[in-house]
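Below you'll find the structure, written out as structure tokens, and then a few comments.
The values are calculated or read from the model by the stated rules, or taken from the named source; none is laboratory data. Bear in mind the structure is a predicted one, so any value in this text is a computation, not a measurement. Using ideal geometry, Cβ is built from the backbone for each residue, glycine included, and neighbour counts are taken over all protein chains shown. These accessible areas exclude ligands, DNA and RNA; they are computed on the full protein's heavy atoms, side chains included. Shrake-Rupley method; radii C 1.70, N 1.55, O 1.52, S 1.80 Å.
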Amino acid sequence: MLLANYHVHSDYCDGKNSLEEMVAAGIASGLTSMGLSSHLSLPFPNDWTMKEENLENYLNDVKVLKDKYSSQIELYCGLEIDFFIDRQDISDLAKAVIPRLDYTIMAVHTIGITTGADVSYIDESQQNFEQGIKKYYAGDKQAFIKDYYQGIAKMVSMFEPDILGHFDLVKKYNRDNRFFNEQDTWYQETVKDCLDQIATKNTRMEINTGTNLRIPGVGRYPSDWMIPEMKKRNIPITIGSDSHSTAGIVFEYDEAEAYITECGYQEYWVLKKGRWDAQPLGV
Ligand SMILES: [Zn+2]
Ligand SMILES: [Zn+2]
């Protein structure tokens, strides 16, 4: 049984439940180590991240919960931090807050220019995704996807986050191969090049289990065919459900554990007494 979850949202950002409700759900599901990871506010207007003025309260609230529940679960303070491909950087606020966190998740959610008010996203809606590619890549999906994976590799090499979040988020609206075919050589080579670069750094890749709860049929991130490629490169993994409500706290955990074990992984990484530690699978 998988005993950890490092990708947990709350009503500090776009989650439905309070931090404490999420912690209670984690305890009830038998988790022993859990990281709270709201979306850090962004340097442009949006309706899905934490507000900057709430950051101190967030850090404090997690601290209070850590103490309150210390006999039942190890809690860790994290944030989901955005890397911006157009800036080739994270925000100044992110840089300032990282030393105060127990761990970081980094991910890319945006397409194109992120300095104006009207930013396009990979994961907001199919229409917004399509418009973003049209606006910034003249509709050339392949060009965007190559930029995306190069951006992920750059993010990992520059900042070496503890966890790389939802690696192949670009497939979120790719039902029926609407935007690209994962079997195509160019796609697989692009992904493999990115994995080669990730493997040179000390970043764990997240097995992100929660997507089917919100959009049935998307599957886990990363896609099944990528896991043996990660294993081949000895890339360490962590587990997270990207839960935005208590209902999703350990969503499809058993299925994920069975699959990663089948791919030859024998361990996943957990925070234990404040340090990353390899935990055997299938126990
Ligand atoms: Zn995310
Ligand atoms: Zn998330």
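Could you give me the residue pairs with C-beta distances under 6 Å whose first residue belongs to region 2-17 and is closer than 18 Å to M205 by Cβ and open to solvent by 10 Å² or more (accessible area, probe 1.4 Å), whose second residue is within 12 Å of ligand 1 (Cβ to nearest atom) and modelled with pLDDT of 95 or more wherever it lies, and which are 6+ apart or on separate chains?
none
Consider only pairs whose beta carbons are under 7 Å apart and that are at least six residues apart or on different chains; among these, list those whose first residue lies in region 19-36 and is among the β-branched types (V, I, T) and whose second residue is surrounded by fewer than 16 Cβ atoms within 10 Å (Cβ to Cβ).
Hits for this filter: I27/Q72.
Here are some residues: N46, N128, N57. Which one is polar (S, T, N, Q) and within 14 Å of ligand 1 (Cβ to nearest atom)? Even if it seems obvious, please write down each step before you answer.
On the way: N128 fails: within 14 Å of ligand 1 (Cβ to nearest atom); N57 fails: within 14 Å of ligand 1 (Cβ to nearest atom).
Being polar (S, T, N, Q) and within 14 Å of ligand 1 (Cβ to nearest atom) holds for just one of N46, N128, N57, which is N46.
Which condition number does T110 fail, the rest of (1) among the hydroxyl-bearing types (S, T, Y); (2) open to solvent by less than 10 Å² (accessible area, probe 1.4 Å); (3) more than 16 Å from ligand 2 (Cβ to nearest atom) being met?
So T110 meets the others, but not (3).
Can you tell me which residue is nearest to ligand 1 (Cβ to nearest atom) among those in region 160-172 that are open to solvent by 10 Å² or more (accessible area, probe 1.4 Å) and more than 18 Å from D196 (Cβ to Cβ)?
From region 160-172, those open to solvent by 10 Å² or more (accessible area, probe 1.4 Å) are 160, 162, 171-172; that's our starting set.
So of that shortlist, the ones also more than 18 Å from D196 (Cβ to Cβ) come out as 162, 171-172.
Values: D162: 15, K171: 13, K172: 10 Å.
Restricting to residues being open to solvent by 10 Å² or more (accessible area, probe 1.4 Å) and more than 18 Å from D196 (Cβ to Cβ), the top hit is K172.
Quick one: which of E80, E130, E56 is in a helix (DSSP H, G or I), within 24 Å of E20 (Cα to Cα) and not aliphatic (A, V, I, L, M)?
Details: E80 fails: in a helix (DSSP H, G or I); E130 fails: within 24 Å of E20 (Cα to Cα).
Every option except E56 fails the conditions.
Would you mind stating whether M226 is aliphatic (A, V, I, L, M), within 16 Å of ligand 2 (Cβ to nearest atom) and under 27 Å from F129 (Cα atoms)?
no
Take E52 and decide whether it is at pLDDT 95 or above, more than 17 Å from K273 (Cα to Cα), touching a helix residue (DSSP H, G or I) at 6+ places or on another chain (Cβ under 8 Å) and acidic (D, E). Step through it out loud before you land on a result.
Working: at pLDDT 95 or above: yes; more than 17 Å from K273 (Cα to Cα): yes; touching a helix residue (DSSP H, G or I) at 6+ places or on another chain (Cβ under 8 Å): yes; acidic (D, E): yes.
Yes, satisfied.
Among D67, D47, which is outside any helix (DSSP H, G or I), among the charged types (D, E, K, R) and surrounded by fewer than 17 Cβ atoms within 10 Å (Cβ to Cβ)?
D47
Quick test for you: out of D147, D140, D118, pick the one residue that is away from ligand 2 (no atom under 16 Å from the Cβ), over 25 Å from H9 (Cβ atoms), open to solvent by 10 Å² or more (accessible area, probe 1.4 Å) and without any contact (Cβ under 8 Å) to a residue 24 or more places away in the chain. Spell out how you get there, then give the answer.
Details: D147 fails: without any contact (Cβ under 8 Å) to a residue 24 or more places away in the chain; D118 fails: over 25 Å from H9 (Cβ atoms).
Criteria check complete, one pass: D140.
May I ask you to list the residues in region 190-221 that are basic (K, R) and under 18 Å from I122 (Cα atoms)? Outline the logic, then answer.
Taking region 190-221 as the starting set, the residues that turn out to be basic (K, R) are 192, 201, 204, 214, 220.
Result: R214, R220.
Can you work out which of the residues in region 82-112 that are in contact with a Lys or Arg (Cβ under 9 Å, 6 or more places away or on another chain) and β-branched (V, I, T) is farthest from F180 (Cα to Cα)?
I85
Where residues in region 15-42 are assigned to a loop (DSSP other than H, G, I, E, B) and not hydrophobic (A, V, I, L, M, F, W, C), which of them is nearest to ligand 1 (Cβ to nearest atom)?
Step one: list which residues in region 15-42 are assigned to a loop (DSSP other than H, G, I, E, B), which gives 15-18, 29-32, 40-42.
Add one more test, that the residue is not hydrophobic (A, V, I, L, M, F, W, C), and what stays is 15-18, 29-30, 32, 41.
Details: G15: 12, K16: 16, N17: 17, S18: 20, S29: 21, G30: 25, T32: 24, S41: 14 Å.
Step by step, filter region 15-42, then rank; the result is G15.
With R220, R233, R214, R204 as the choices, which residue is of a type outside the set (G, A, S), farther than 25 Å from T49 by Cβ and either within 15 Å of ligand 2 (Cβ to nearest atom) or in contact with a Leu (Cβ under 9 Å, 6 or more places away or on another chain) (or both)?
Working: R220 fails: farther than 25 Å from T49 by Cβ; R214 fails: farther than 25 Å from T49 by Cβ; R204 fails: farther than 25 Å from T49 by Cβ.
Answer to the check: R233.
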